[in-house]
Amino acid sequence: MTAGERPSVIIIGAGFGGVGMAIELRRNGFDDIAILERGTDIGGVWRENTYPGAACDVPSPLYSFSYEPKPDWPQRYSGQAAIHDYLRGVAQRHRLLEAIHFGAEVTDAEFDDSSGRWTVRTEDGTARTADVLISAVGQLSRPALPNIPGIDTFTGQAFHSAEWDHGVELAGKRVACIGTGASAIQYIPEIQPQVEHLTLFQRTAAWVLPKFDTDYTPVQHKLFARLPSALLVERFGWWAIAEFIALGLVEFPWIVGLVAKIASKHLEVQVPDPELRAKLTPDYPIGCKRGLFSNNYYPALLEPNVQVETTAITEIVPNGVRTADGTVHEAEVIIYGTGFKGTEFLWPMNIYGRAGRKLSDAWQGGAHAYCGITVPDFPNLFLVYGPNTNLGVGSIIYMIESQARYIRQAVQLLADRPGHVLEVRPEAEAQFNTAVQQRLERTPWNFCSSWYRTASGRITNNWPGPQLAYRRRVRKLKAADYELTRVV
Ligand code: N01
């Protein structure tokens, strides 16, 4: 990049992160943007997860860009199709579609020390170069199948919740569902009325909270359109509730104690049978795994065609699932609601930084980055929704906006200093991570296994605190945390 030029940018991923990042750059005059998207449409997880009942358990007025309020959300907790449409509409309004290269799966990216530029290669062999590389690939884009012996021997039909096979007819079938996370509790009530029999294999009981859902009425739509502040009030209300609970996860455990009481009451009211209730009662602190919201999950489990099985699975056999007591639970379909490879950030891409240093080597003990955004030895590389920026409660879109503004400041700094690259100082990054890990020690996330933690127990995914604390932390890029090095 020479004097007078604006930095060129490659963004990987066209989900909420990539779209939000591109909009922030465009609005500030950075137009030389290429977005590389492996799929054939935008949307990320909202394109991929089409299982029955897929919806967001964050209220839509909050789960949307602050600068793109939508007065006509169909519901408070909108479904996958409405969210996907929203993101498409936003991308169209901001003329982003022309910047997106679909079917472009990035295999590797390499920083060239002498030119200070990134070369990014896609699966079809195409190489593109840019001054700045931004990864916005999310944390939950790679489904995880369980490591259960015999998984390949099953002769029926099987699929993961994030790769729902809509061609498989479930009506009248015996279905085995493995997993009881946020995805499963959304599709189980949807499929239960269709199937002949549903065996739900639960390894760990979930904490489930009531969902204050509602269909927005035409009157509300009109009100939100004519009086945008009304929508803003609803957004602010949900944001404030999330912030209050987030405070409980680190600072004030009595708050999560209150939330646990609400969840226990919800279970007590919805599940009168003491035996089933005992099975569904979690034995770990609330908040350790992601809190779930549902009004129809427990009622579905009460139906006569549902069996909640808590005996450990030992094997998948050709005709079903075998448990530790030797029983074979016959099934014609197995649905794996077994989550995602959340701690394998940016995998399987090969990212090479200064002097050919590989990002996966730098992250061997678990991913870490300064503010979840920048990594020493990887100049001009920025991460959206990177390590330790996921939330136990709140809206990831709020976090994405915070990060996009921070990264835009970095790009501006590069525009102001042509011929330089920007790299976080290792001591700034180390200090940040030590502080984050110290705060994480006080959270309930340490008391169970989840996709927030690596096998060794390091919490690589979550931000320990309210969203506002993060926003304040990244509001202004501090030049002292970075080194600007001349390359040309
Ligand atoms: O996955 P999960 P998910 N044998 O990892 C079980 C987001 N999301 O797809 O708890 C038996 O939560 C596992 O058991 P255990 C959200 O961030 C958001 O449901 O490990 N069971 C668990 O029950 C969420 O956190 C929305 O003991 C096995 C389940 O599988 C994230 O996606 C909606 C097993 C996995 O639960 C992931 O949710 C949906 C085995 N070998 C999802 N292996 C919104 O509304 C795993 N399990 C925004």
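If the condition is being within 28 Å of the chain's Cα centre (by Cα), outside any helix (DSSP H, G or I) and not aliphatic (A, V, I, L, M), then the stretch 291-308 contributes Gly291, Phe293, Ser294, Asn295, Asn296.
Condition check ((1) within 26 Å of Ala312 (Cβ to Cβ); (2) among the basic types (Lys, Arg)) across all residues:
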| position | (1), (2) |
| --- | --- |
| Val256 | no, no |
| Ile262 | no, no |
| Glu268 | no, no |
| Val271 | yes, no |
| Pro274 | yes, no |
| Arg277 | yes, yes |
| Ile286 | yes, no |
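Restricting attention to the stretch 31-80, the residues being more than 14 Å from the ligand (Cβ to nearest atom), β-branched (Val, Ile, Thr) and assigned to a loop (DSSP other than H, G, I, E, B) number 2. Pairs linking a residue in the stretch 469-488 that is assigned to a strand (DSSP E or B) to a residue that is of a type in the set (Ser, Thr, Tyr) and open to solvent by less than 40 Å² (accessible area, probe 1.4 Å), with Cβ atoms under 8 Å and 6 or more positions apart or on different chains, are Tyr482/Thr374. When Leu301 is tested against (1) within 26 Å of Arg174 (Cα to Cα); (2) more than 16 Å from the ligand (Cβ to nearest atom); (3) hydrophobic (A, V, I, L, M, F, W, C), just one condition goes unmet, and that condition is (2).
Taking the conditions exactly as written (farther than 30 Å from Leu223 by Cα, in a loop (DSSP other than H, G, I, E, B) and either modelled with pLDDT of 95 or more or not hydroxyl-bearing (Ser, Thr, Tyr) (or both)), does Ala14 satisfy them or not? Yes: the conditions hold for Ala14.
Taking the stretch 14-36 as the range and being open to solvent by less than 10 Å² (accessible area, probe 1.4 Å) and either closer than 21 Å to Ala127 by Cα or β-branched (Val, Ile, Thr) (or both) as the test, the residues that pass are Ala14, Gly18, Val19, Ala22, Ile23, Ile35, Leu36.
Considering only the stretch 140-214, give the strands (runs of 3 or more DSSP E) lying wholly within it that have at least 2 residues that are open to solvent by 50 Å² or more (accessible area, probe 1.4 Å).
Numbers: elements: 157-160, 174-178, 197-201.
So the answer is 157-160.
Across the stretch 139-154, the qualifying residues are those that are of a type in the set (A, V, I, L, M, F, W, C) and within 11 Å of the ligand (Cβ to nearest atom), and the one among them that is nearest to Asn319 (Cα to Cα) is Ile151. Considering the stretch 274-284, and only residues there that are more than 9 Å from Trp207 (Cα to Cα) and away from the ligand (no atom under 12 Å from the Cβ), the residue that is least open to solvent (accessible area, probe 1.4 Å) turns out to be Leu276.
Filtered by the rule that a residue be within 21 Å of the chain's Cα centre (by Cα), touching a residue at least 40 places away in the same chain (Cβ under 8 Å) and within 15 Å of Pro59 (Cβ to Cβ), the stretch 229-261 gives Arg235, Trp238, Trp239, Ala242, Glu243, Ile245.
For the structure I just gave you, tell me whether Glu315 is under 25 Å from the mean Cα position of the chain (by Cα), within 16 Å of the ligand (Cβ to nearest atom) and either surrounded by fewer than 21 Cβ atoms within 10 Å (Cβ to Cβ) or more than 29 Å from Ser183 (Cβ to Cβ) (or both). Answer is no for this residue.
Report whether or not Phe65 is among the aromatic types (Phe, Trp, Tyr), open to solvent by less than 20 Å² (accessible area, probe 1.4 Å) and more than 30 Å from Ile185 (Cα to Cα). Judged against the criteria, Phe65 is not a match.
The values are calculated or read from the model by the stated rules, or taken from the named source; none is laboratory data. None of the values given here were measured: they were computed from a predicted structure. Methodologically, a virtual Cβ is constructed for each residue, glycine included, from the backbone with ideal geometry; neighbour enumeration extends over all protein chains shown. The protein model used for the area step is the full one, side chains on, heavy atoms only, and it has no ligands, DNA or RNA in it. Shrake-Rupley method; radii C 1.70, N 1.55, O 1.52, S 1.80 Å.
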